[in-house]
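Single-structure report; data block below.
Since every read-out is calculated from the coordinates, none of them should be taken as a lab result. Computed from a predicted structure; not experimentally measured. Using ideal geometry, Cβ is built from the backbone for each residue, glycine included, and neighbour counts are taken over all protein chains shown.
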């Protein structure tokens, strides 16, 4: 099954500035999440974000918060973003069935969100090169578990090429110049 941009929503999970320093390859994580958000903007794919207990853990990393827009980021106490009623209502308003997931931490909020989204009947695509955790082994095991459950594992470029579908798409020139470097 391929991603279709008209059915997709990008979900940024809990990339909170205060937690980043302890996350494996956190600079690359932010860069890859930013890449996906900018791609979603290019392709007119809505983006929504979550923050785990922002009152205590702080907010989304500044550059990502600016790209997503503060109004599209929702605080939560549940590890699974889809279990938070405010997030869920905002998510449902977009009426999308394919969820592209990036963020942290792989073994907790990313995995639980992905698994719960599957339970809700959504098609879940976790971007393997845009998730991370404090321990890379947690990311590896989370990816295995999600894949076994039916989550589709993709890379950033897979998302881009699937959303484009054609080399003569109007966005292809920008994609090839700004995203394939």
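In the stretch 57-104, of all residues being touching a helix residue (DSSP H, G or I) at 6+ places or on another chain (Cβ under 7 Å) and in a loop (DSSP other than H, G, I, E, B), the one that is nearest to residue 129 (Cα to Cα) corresponds to 61.
I need the full set of residues from the stretch 126-158 which are outside any helix (DSSP H, G or I), out of contact with any helix residue (DSSP H, G or I) (no Cβ under 7 Å at 6 or more places or on another chain) and touching a residue at least 40 places away in the same chain (Cβ under 8 Å), in order please.
Passing the criteria: 134, 135, 152, 154.
All of 3, 10, 29 fail the test of being in contact with a strand residue (DSSP E or B) (Cβ under 7 Å, 6 or more places away or on another chain) and part of a helix (DSSP H, G or I), apart from 29.
The set of residues from the stretch 13-26 being assigned to a loop (DSSP other than H, G, I, E, B) and surrounded by 17 or more Cβ atoms within 10 Å (Cβ to Cβ) comprises 14, 15, 23, 24.
For every residue, the table says whether it meets (1) within 25 Å of residue 74 (Cα to Cα); (2) buried (at least 21 other Cβ atoms within 10 Å of the Cβ).
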site	(1), (2)
113	yes, yes
121	yes, no
130	yes, yes
139	yes, yes
146	yes, yes
150	no, no
163	no, yes
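Over 10 Å from the mean Cα position of the chain (by Cα) and closer than 20 Å to residue 61 by Cβ: is that true of residue 108 in this structure? The answer is yes for residue 108. When only residues in the stretch 74-84 that are without any contact (Cβ under 8 Å) to a residue 40 or more places away in the chain and touching a strand residue (DSSP E or B) at 6+ places or on another chain (Cβ under 7 Å) count, which is surrounded by the most Cβ atoms within 10 Å (Cβ to Cβ)? Residue satisfying both the conditions and the ranking: 76. Taking the stretch 50-72 as the range and being within 25 Å of residue 159 (Cα to Cα), in contact (Cβ under 8 Å) with a residue 40 or more places away in the chain and buried (at least 17 other Cβ atoms within 10 Å of the Cβ) as the test, the residues that pass are 50, 60, 61, 64, 68.
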